[in-house]
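Enquirer: Below you will find the structure I want to go over with you.
The values are calculated or read from the model by the stated rules, or taken from the named source; none is laboratory data. Values in this document were obtained by computation on a predicted structure and should not be read as measured data. Ideal geometry is used to build each Cβ from the backbone, glycine not excepted, and the neighbour counts take in all protein chains shown. Accessible surface is based on the protein model in full, side chains and every heavy atom, while ligands, DNA and RNA are left aside. Shrake-Rupley method; radii C 1.70, N 1.55, O 1.52, S 1.80 Å.
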Amino acid sequence: MRRAGPAGAEHHYYFDVMSLHLYANVYQTYDIAAHVMQEVSSRVGPHPLWLTETGVKVWDEDAKPPDWPGEWPPYYSATAAEAAAYIIAAYADARAAGVERVFTFRLHDDTGGMPGQRYGLVRDDYTLRPAYLAHQTAARYLHGENQLTGPFDNETVRRVTFWGTPHGRIDVLWNRTPTATIYLHPALLPTATLVTHLGVTQTLTATAGQYAIDLAPATCRNNPEGLYTIGGPPVLLIQADTTPPTMTLHPLPATLHTNPLTVTC
């Protein structure tokens with residue numbers, strides 16, 4: 001209907017931003033966001049996409065209710081620790097898909113208004129969950145980039161790369177499997193900074209041109225399919241080379257071809 005309206009094009013098809021809500025399964029973030037962006041663009045042209053709600057319900061701070069009718073833990077819920085891992089991974093995948101802004105649901109539980117729905121970064125007693133620290137880590141480091149690439153998957157690890165941030169190149173890495181692994185990442189510099197999803201930093205030294213990074217296993221599989229819907233705790237690998245690459249345009253070769261070539265941008 002928006003596309004068919006006679007004045008739609010001149011009025012930006014009557015909306016400014018496409019909104020999306022995604023929960024619980026971190027791996028749907030990229031796939032669904034990228035698909036929605038493609039569909040919107042093909043119908044009414046490019047519009048910004050905002051992820052205006054995302055998060056996962058915490059189950060491990062409550063006892064199982066005596067009259068609980070289904071599975072425990074509840075499907076599509078997570079521990080407080082797993083919910084913190086979700087924050088970083090969902091943000092990285094959303095940004096890689098082209099999502100412009102990401103809003104975490106929610107700041108605090110408000111269990112008075114939403115009984116049994118513990119989504120908060122902050123508990124009702126104002127104590128901080130690990131997800132608050134993860135949110136803080138994403139806000140501190142994952143911004144100001146000039147390019148994003150990924151997500152890239154190998155047999156065990158997922159990677160999203162933020163290029164040209166004020167801190168340098170940042171690779172967000174997490175383990176997709178239930179087995180702990182050591183991931184070997186190419187080293188651009190002799191040392192790098194490793195930041196945990198909770199904001200703890202350490203210096204890594206390259207060996208034989210690689211950084212060896214311990215990645216804890218995925219543990220969250222509270223769903224009927226038994227899939228690991230949240231990976232292990234992500235880490236941020238920061239290689240602090242903030243110098244933009246230089247390029248040189250060399251002269252064209254002397255040999256000229258007479259066949260016409262048209263280039264348009």
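Enquirer: Can you give the FRET efficiency to the nearest 0.05 for H143 and T255, using r as the Cβ-Cβ distance and R₀ = 51 Å? Before the final figure, lay out the partial values.
Expert: Details: r = 47 Å, r/R0 = 0.92.
FRET efficiency, H143 to T255: 0.60.
Enquirer: Would you mind checking which residues have amide H under 5 Å from V58's amide H? H placed 1.01 Å from N; only 5 or more apart, or other chain.
Expert: Correct list: A78, R118, Y119.
Enquirer: Another question, if that's okay. Determine the share of the chain's accessible area contributed by carbon and sulfur atoms, expressed in whole percent, with a 1.4 angstrom probe.
Expert: Summing carbon and sulfur atoms, their accessible area is 57 percent of the total for the chain.
Enquirer: Also: Using only alpha-carbon positions, what ratio does the radius of gyration of the range 24-118 give when scaled by 2.2 N^0.38 Å? Provide the component values of the computation, followed by the final result.
Expert: Working: Rg = 15.9 Å, N = 95, 2.2 N^0.38 = 12.4 Å.
Expressed relative to 2.2 N^0.38 Å, the Cα Rg reads 1.28.
Enquirer: So, one more: Taking every pair of Cα atoms in the range 161-232, average 1/r, invert it to obtain the Kirkwood radius, and report Rg/Rh to two decimals. Can you show the working numbers first?
Expert: Details: Rg = 14.3 Å, Rh = 13.7 Å.
Rg/Rh: 1.04.
Enquirer: For the range 9-129, what relative contact order do you get, as a whole percent, if you take Cα pairs closer than 8 Å and at least 6 residues apart? Mind dumping the intermediate values first?
Expert: Details: 183 pairs, mean separation 32.9, N = 121.
Once divided by the residue count of the range 9-129, the mean separation gives 27 percent.
Enquirer: Oh, and also: Can you work out the Karplus-derived ³J(HN,Hα) for every residue in the range 46-63? Use 6.51 cos²θ - 1.76 cosθ + 1.60 with θ = phi - 60°, whole Hz, and x for glycine or proline.
Expert: x, 9, x, 10, 10, 8, 7, 8, 7, x, 8, 6, 8, 10, 8, 9, 10, 6
Enquirer: Then there's this: Can you pull the one-decimal nm distance between simple spin-label points at F15 and L107, each 7 Å off the Cα toward Cβ?
Expert: Those two pseudo-labels are separated by 2.6 nm.
Enquirer: Below 8 Å, C-alpha to C-alpha, sequence gap of six or more: please give me the relative contact order for the range 116-205 in percent. Spell out each step's value before the answer.
Expert: Working: 110 pairs, mean separation 18.5, N = 90.
Over the range 116-205, the number comes to 21 percent.
Enquirer: Take the alpha-carbon positions of the range 127-265, form their convex hull, and give its projected area averaged over all directions (one quarter of the hull surface) in nm². Kindly include the intermediate steps, with their values, before the conclusion.
Expert: Numbers: hull surface 57.9 nm².
Projected over every direction and averaged, the Cα hull of the range 127-265 covers 14.5 nm².
Enquirer: If you don't mind, there's one more thing I want to ask. Distance from the Cα centre of the range 40-66 to that of the range 100-165, in angstrom?
Expert: A separation of 11 Å, based on Cα centres.
Enquirer: Can you pull out the trypsin sites (Lys or Arg not before Pro) in the range 136-245 whose DSSP state is coil and whose Cβ has at most 16 other Cβ atoms within 10 Å?
Expert: On the way: sites: R140, R158, R159, R169, R176, R221; in loops: R176, R221.
In loop regions of the range 136-245 (DSSP not H, G, I, E or B), the sparsely surrounded trypsin sites (Lys or Arg not before Pro) are R221.
Enquirer: Take peptides 19-27, 42-50, 91-99 and line them up by average Cβ neighbours within 10 Å, highest first, as a rough protection proxy. Mind showing how you got there, number by number?
Expert: On the way: 19-27: 19.7, 42-50: 14.8, 91-99: 24.8.
Most protected by this proxy first, the peptides run 91-99, 19-27, 42-50.
Enquirer: Can I ask one more? With a 1.4 Å probe and every protein chain left in place, work out the accessible area per residue of the range 152-265 in Å², rounded to a whole number. All intermediate terms of the calculation are to be shown ahead of the outcome.
Expert: Details: 7100 Å² over 114 residues.
Value for the range 152-265: 62 Å² per residue.
Enquirer: Ok, one more. Averaging the inverse of every distinct alpha carbon separation and then flipping it gives the Kirkwood radius. What is it for the chain, in angstrom units?
Expert: Working: mean 1/r = 0.0481 Å⁻¹.
Over the chain, the inverse of the mean reciprocal pair distance is 20.8 Å.
Enquirer: OK, next. Stick to Cα atoms and the Kirkwood definition of Rh, then tell me Rg/Rh for the range 88-146.
Expert: Working: Rg = 13.2 Å, Rh = 12.6 Å.
For the range 88-146, the value is 1.05.
Enquirer: Counting each DSSP H run of 4 or more residues in the chain as -39500 (n - 2.57), what helix-only mean residue ellipticity at 222 nm follows after dividing by all residues, to the nearest 500 deg cm²/dmol?
Expert: Details: 3 runs with 46 residues, N = 265.
After summing the helix terms and dividing by residue count, I get -5500 deg cm²/dmol.
Enquirer: Next question. Of S19, M37, T54, which is farthest on the positive side of the dipole of the range 12-70, counting Cα position, with +1 on Lys and Arg Cβ, -1 on Asp and Glu Cβ, and the Cα centre as origin?
Expert: In the range 12-70, that residue is M37.
Enquirer: Taking θ = phi - 60°, what integer Hz values does the Karplus form 6.51 cos²θ - 1.76 cosθ + 1.60 yield along the range 201-215, in sequence order, with x for Gly and Pro?
Expert: 10, 8, 9, 9, 10, 6, 10, 6, x, 9, 9, 9, 10, 7, 10
Enquirer: Find how much the distance from T203 to H35 grows on full extension, using 0.36 nm per residue of separation minus their present alpha carbon separation; answer in nm with one decimal. Spell out each step's value before the answer.
Expert: Values: separation 168, 0.36 × 168 = 60.48 nm, distance 3.80 nm.
Stretched out fully, the T203 to H35 stretch lengthens by 56.7 nm.
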